[in-house]
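The values are calculated or read from the model by the stated rules, or taken from the named source; none is laboratory data. Here the structure is a predicted model, which means the values were calculated and not measured. Ideal geometry is used to build each Cβ from the backbone, glycine not excepted, and the neighbour counts take in all protein chains shown. Quick note on the areas: whole protein, heavy atoms, side chains included, nothing else; ligands and nucleic acids left out. Shrake-Rupley method; radii C 1.70, N 1.55, O 1.52, S 1.80 Å.
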Amino acid sequence: MTSLAKQSPTTVAAIQTCGLGKVFGEGRQRVIALDDVSIELCSGQMTLLMGPSGSGKSSMIAALGGLQAPDTGQVIALGEDLWSRSSRKITRFRRDHCGFVFQSGGLFPALGARDQIALPLTFLGWSAAEAKRAACEALDWVGLADRQDSRPSEMSGGQNQRIAIARMLAKKPTLIFCDEPTSALDGKNGANIAELLKQAAARHNAMILCVTHDERLVPHADRILHIEDGRITSDSEEDKPYAANR
Amino acid sequence: MKSLARSNVGFHWRLFLSAVSVLALSGCLIYVAVGISAANIRSFSTYQRSLDVDLYIRSTGRDSVSLQKLLTEVDLYEDIIRAEPYLGRTRPQQVRLDDEVKQLSIAEIELGEDVILVPRFISSEAKEALSVPGTIIVSSTLKEKNDFKMGDVLWNSDDSFGLEIIGFFDAAVNRGFIGARTGYGFVSPETGRLFSPSTPRAIHFGGGVSRNFSRISMVGVRIPPDTSPEIAKQRLNQQFKGASLEAITPQEMGRRTSLDAILESKQFQGFLVVGVFAVLIPLFIIVQTLRSAILTQSQQFATMRALGIPSRHLVSTAMEQAFWVGTLGIGVSYCVMLGVKAGLLGRGIDMYVTSTVVWYVSAAILLAALIAGVISLTAIFKMKPQDLLR
Ligand SMILES: Nc1ncnc2c1ncn2[C@@H]1O[C@H](COP(=O)(O)OP(=O)(O)O)[C@@H](O)[C@H]1O
Ligand SMILES: [Mg+2]
């Protein structure tokens with residue numbers, strides 16, 4: 001393996017990748033979604049991953065979050081080689097460490113806000129009482145304590161996205177992945193979500209990787225990565241355009 | 001906390017409605033097939049069940065000689081205080097009402113108080129009325145079929161003696177006579193002799209003597225009041241060794257009659273075929289509906305996987321949904337069955353549904369739902385968690 005990027009002394013690398021590559025299709029259909037990506041992401045920081053559509057942002061989240069294996073390269077998550085594990089252990093890894101917020105919430109249509117958060121926790125082995133308490137706390141934190149029984153269809157897009165964030169935060173993940181969490185929201189709600197996420201990073205010392213092409217999120221970010229055609233083209237931390245990765 | 005599956009079935013009830021309806025419908029189909037068959041089969045022993053008999057004695061051989069002999073030797077048996085011949089096959093006789101000739105099977109019954117082989121539905125008032133020579137009680141089925149009315153007089157072939165209709169008995173009981181092949185009308189032995197003097201009669205020890213008998217099929221027995229039927233049965237069978245006779249309880253008799261009827265009837269095979277189709281066809285449809293319900297919820301299942309929820313919880317959620325569909329199917333089919341039963345009874349069709357039948361049908365419905373659930377499970381994994389990323 002090639003050497004991983006060196007760690008900065010003040011922050012701990014939550015995730016390091018090395019030579020990450022992902023290709024879809026064959027022949028004329030062949031698309032390179034990730035091309036030799038080597039980055040490191042730190043705990044307690046909110047990193048924005050920006051780029052045009054089709055540039056490989058979602059593929060990146062899938063590879064780092066244990067959702068879809070890359071073709072080449074390594075993901076060292078919390079000190080362990082993620083994709084060398086069995087799929088069961090990867091599921092377990094997601095369960096124990098990862099939180100996801102998807103563009104379209106991914107909420108259970110049949111459940112009220114509190115159960116929305118509490119039920120997955122019980123599936124993860126929490127007692128019903130513990131789960132309920134954590135759910136109420138999380139709802140309180142996103143400012144929806146008074147909507148405990150509301151179903152997704154009874155709430156606005158912004159409210160639902162806050163519920164999704166509350167659900168993600170309730171289990172106190174150390175790795176947080178968001179895929180365009182604000183794209184369906186108006187300006188005020190978008191800023192709201194960004195602020196919530198940033199607070200979460202600080203509070204739980206979590207790593208946040210947030211895919212977006214929403215410029216409104218920029219002021220809230222600790223770090224901004226740009227991606228194009230599967231390559232990282234710039235990194236605000238290096239304060240200059242990335243050199244070609246090869 | 002309500003389970004995810006229950007919340008889903010409640011919230012997406014439209015998705016599950018067709019599965020529940022199909023299950024309920026097929027459950028009802030089984031109820032009707034089984035219920036009507038059971039009622040029919042049971043009707044074969046209706047007449048026997050209406051008799052107040054302690055034990056039956058039947059011949060294990062082909063002829064009834066041993067039974068006739070038994071009737072003359074009742075004193076030899078301590079456990080028999082009274083014995084009466086139960087006669088098979090009654091052939092219909094011709095009777096004339098006004099200018100029309102009708103068919104009627106006539107059974108002669110003893111009117112005494114301690115007679116065994118008289119159906120319980122012949123009340124003591126009816127017996128008293130029948131003691132007047134020239135009176136008859138007929139089945140209410142004949143009332144409609146033959147347009148019989150109270151007071152009608154049915155004449156014999158040479159117009160020398162007439163029977164006045166003084167009452168009717170329940171049509172439901174009449175179905176039993178088809179099985180037992182006994183009469184459709186009851187008269188006293190004296191009336192019988194006057195109506196048809198030339199007909200040969202059975203050895204006459206009690207009631208149940210019908211005309212035109214071909215043979216005695218059984219003997220009904222009264223045992224001493226302080227003896228249990230089971231013990232009397234065992235002692236009698238001990239004594240019967242070598243005499244090709246067998247004592248059996250009325251329950252065994254009823255079961256045997258019904259069992260014979262089942263095995264003899266084409267109905268049994270038809271009922272099996274209906275049963276199999278009633279389970280298979282809906283199974284096919286339920287698999288489709290449960291599958292499409294899961295596919296509609298595929299984003300949920302993908303989300304659960306993304307959250308790292310172990311597959312067994314996804315499987316148990318889907319199976320619990322199938323379970324609730326089955327449970328609702330059971331409830332709905334039971335209610336519909338009660339409605340259908342009442343409706344059919346109004347049209348004179350009886351359905352016999354016991355708690356055992358309800359248990360079996362419910363189990364079949366639940367089983368169908370769960371099998372369909374298992375088959376549709378693959379749909380859970382159709383949407384991958386990474387598909388949630390766009
Ligand atoms: N399952 C797939 N099959 C084929 N091509 C895919 C698949 N997923 C993504 N791609 C392609 O890979 C490229 C990167 O996709 P994605 O990571 O979703 O980009 P982004 O999220 O930046 O829009 C795109 O060109 C897309 O068409
Ligand atoms: Mg995307």
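Got at least one residue in the range A:73-84 being within 14 Å of ligand 1 (Cβ to nearest atom) and without any contact (Cβ under 8 Å) to a residue 24 or more places away in the chain? Before the answer, list the steps.
Of the residues in the range A:73-84, the ones within 14 Å of ligand 1 (Cβ to nearest atom) are none.
Checked the range A:73-84: no residue is within 14 Å of ligand 1 (Cβ to nearest atom) and without any contact (Cβ under 8 Å) to a residue 24 or more places away in the chain.
Filter the range A:172-219 down to residues that are of a type in the set (Lys, Arg), closer than 23 Å to A:Gln148 by Cβ and modelled with pLDDT under 85, then give me how many there are. I'd like the intermediate steps shown before the answer.
Quick first cut of the range A:172-219, residues of a type in the set (Lys, Arg) only: A:172, A:188, A:198, A:203, A:216.
When the remaining residues are screened for being closer than 23 Å to A:Gln148 by Cβ, the result is A:172, A:203.
Right, trim to modelled with pLDDT under 85 and you get A:203.
Total satisfying the criteria: 1.
Let's see how each residue does on (1) away from every other protein chain (no Cβ under 14 Å); (2) surrounded by fewer than 20 Cβ atoms within 10 Å (Cβ to Cβ); (3) assigned to a strand (DSSP E or B):
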{"residue": "B:Met1", "(1), (2), (3)": "no, yes, no"}
{"residue": "B:Arg6", "(1), (2), (3)": "no, yes, no"}
{"residue": "B:Leu23", "(1), (2), (3)": "yes, no, no"}
{"residue": "B:Gly27", "(1), (2), (3)": "yes, no, no"}
{"residue": "B:Val34", "(1), (2), (3)": "yes, no, no"}
{"residue": "B:Ser37", "(1), (2), (3)": "yes, no, no"}
{"residue": "B:Gln48", "(1), (2), (3)": "yes, no, no"}
{"residue": "B:Asp52", "(1), (2), (3)": "yes, yes, no"}
{"residue": "B:Arg96", "(1), (2), (3)": "yes, yes, yes"}
### Cβ-Cβ under 6 Å pairs, at least 6 apart or on other chains, the range B:233-258 side in contact (Cβ under 8 Å) with a residue 24 or more places away in the chain, far side among the acidic types (Asp, Glu) and open to solvent by less than 20 Å² (accessible area, probe 1.4 Å)
B:Arg235/B:Asp79; B:Leu236/B:Asp79
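Condition check: open to solvent by 10 Å² or more (accessible area, probe 1.4 Å), at pLDDT 90 or above and in the same structural domain as B:Cys28 (by TED's automatic domain parsing). Does B:Val276 satisfy that?
Details: open to solvent by 10 Å² or more (accessible area, probe 1.4 Å): yes; at pLDDT 90 or above: no; in the same structural domain as B:Cys28 (by TED's automatic domain parsing): yes.
When the stated conditions are applied, B:Val276 does not pass them.
Of all residues in the range B:367-389, which are within 16 Å of ligand 1 (Cβ to nearest atom) and either assigned to a helix (DSSP H, G or I) or open to solvent by 70 Å² or more (accessible area, probe 1.4 Å) (or both)?
Of the residues in the range B:367-389, the ones within 16 Å of ligand 1 (Cβ to nearest atom) are B:381-389.
B:Phe381, B:Lys382, B:Lys384, B:Pro385, B:Gln386, B:Asp387, B:Leu388 - these are the residues of the range B:367-389 that are within 16 Å of ligand 1 (Cβ to nearest atom) and either assigned to a helix (DSSP H, G or I) or open to solvent by 70 Å² or more (accessible area, probe 1.4 Å) (or both).
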### Task
Would you check which residues across the range A:162-203 are within 14 Å of chain B (Cβ to nearest Cβ), more than 16 Å from ligand 2 (Cβ to nearest atom) and not in a loop (DSSP other than H, G, I, E, B) and list them?
A:Ile163, A:Ala164, A:Ile165, A:Ala166, A:Arg167, A:Met168, A:Leu169, A:Ala170, A:Leu175, A:Ile176
### Query
Mind checking which pairs have a first residue in the range A:34-62 that is more than 16 Å from ligand 2 (Cβ to nearest atom) and a second that is open to solvent by 20 Å² or more (accessible area, probe 1.4 Å) and assigned to a helix (DSSP H, G or I), Cβ under 6 Å, 6 or more apart or different chains?
A:Met46/A:Lys198
### Summary
Log entry, pairs with first residue in the range A:192-218 being open to solvent by 10 Å² or more (accessible area, probe 1.4 Å), second being more than 16 Å from ligand 1 (Cβ to nearest atom) and hydroxyl-bearing (Ser, Thr, Tyr), beta carbons closer than 6 Å, six or more apart or on different chains, reads A:Asn205/A:Ser43
### Task
Of the conditions (1) in a helix (DSSP H, G or I); (2) more than 26 Å from A:Leu119 (Cβ to Cβ), A:Ile224 clears all except one; give me its number.
(1)
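A quick yes/no check of all residues on (1) within 21 Å of the chain's Cα centre (by Cα); (2) of a type in the set (S, T, N, Q); (3) surrounded by fewer than 23 Cβ atoms within 10 Å (Cβ to Cβ); (4) within 11 Å of chain B (Cβ to nearest Cβ):
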residue	(1), (2), (3), (4)
A:Glu80	yes, no, yes, no
A:Phe93	yes, no, yes, yes
A:Phe108	yes, no, no, yes
A:Gly125	no, no, yes, yes
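Among A:Leu34, A:Leu48, which is the only one that is surrounded by 22 or more Cβ atoms within 10 Å (Cβ to Cβ) and within 14 Å of chain B (Cβ to nearest Cβ)?
On the way: A:Leu48 fails: within 14 Å of chain B (Cβ to nearest Cβ).
Just one listed residue meets the conditions, A:Leu34.
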### Task
Could you tell me whether the range B:348-355 includes any residue that is touching a Leu at 6+ places or on another chain (Cβ under 8 Å) and either assigned to a loop (DSSP other than H, G, I, E, B) or in contact (Cβ under 8 Å) with a residue 12 or more places away in the chain (or both)?
yes
### Query
Could you give every pair whose Cβ atoms fall below 7 Å, whose first residue belongs to the range B:274-303 and is in a helix (DSSP H, G or I), and whose second residue is of a type in the set (D, E, K, R) and open to solvent by 20 Å² or more (accessible area, probe 1.4 Å), counting only separations of at least 6 or pairs across chains?
B:Leu295/B:Lys382; B:Ser298/B:Lys382; B:Ala302/B:Lys384; B:Ala302/B:Asp387
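Being at pLDDT 85 or above and touching a strand residue (DSSP E or B) at 6+ places or on another chain (Cβ under 8 Å), is that true of even one residue in the range B:308-317? Write out each step before concluding.
Of the range B:308-317, the ones at pLDDT 85 or above are B:308-317.
Cutting the leftovers down to touching a strand residue (DSSP E or B) at 6+ places or on another chain (Cβ under 8 Å) gives us B:308.
Yes, the range B:308-317 contains at least one residue that is at pLDDT 85 or above and touching a strand residue (DSSP E or B) at 6+ places or on another chain (Cβ under 8 Å).
What do you reckon, is B:Tyr77 open to solvent by 10 Å² or more (accessible area, probe 1.4 Å), modelled with pLDDT of 85 or more and under 20 Å from B:Leu245 (Cα atoms)? Lay out the reasoning, then the answer.
Details: open to solvent by 10 Å² or more (accessible area, probe 1.4 Å): yes; modelled with pLDDT of 85 or more: yes; under 20 Å from B:Leu245 (Cα atoms): yes.
It is true that B:Tyr77 is open to solvent by 10 Å² or more (accessible area, probe 1.4 Å), modelled with pLDDT of 85 or more and under 20 Å from B:Leu245 (Cα atoms).
State yes or no: is B:Phe323 aromatic (Phe, Trp, Tyr), surrounded by 18 or more Cβ atoms within 10 Å (Cβ to Cβ) and within 11 Å of chain A (Cβ to nearest Cβ)?
Details: aromatic (Phe, Trp, Tyr): yes; surrounded by 18 or more Cβ atoms within 10 Å (Cβ to Cβ): yes; within 11 Å of chain A (Cβ to nearest Cβ): no.
No: the conditions fail for B:Phe323.
Being in a helix (DSSP H, G or I) and either open to solvent by 40 Å² or more (accessible area, probe 1.4 Å) or among the polar types (S, T, N, Q) (or both), is that true of even one residue in the range B:83-91? Before the answer, list the steps.
Kept after step one, since they are in a helix (DSSP H, G or I), are these residues of the range B:83-91: none.
Checked against the condition, which is being in a helix (DSSP H, G or I) and either open to solvent by 40 Å² or more (accessible area, probe 1.4 Å) or among the polar types (S, T, N, Q) (or both), the range B:83-91 yields no hits at all.
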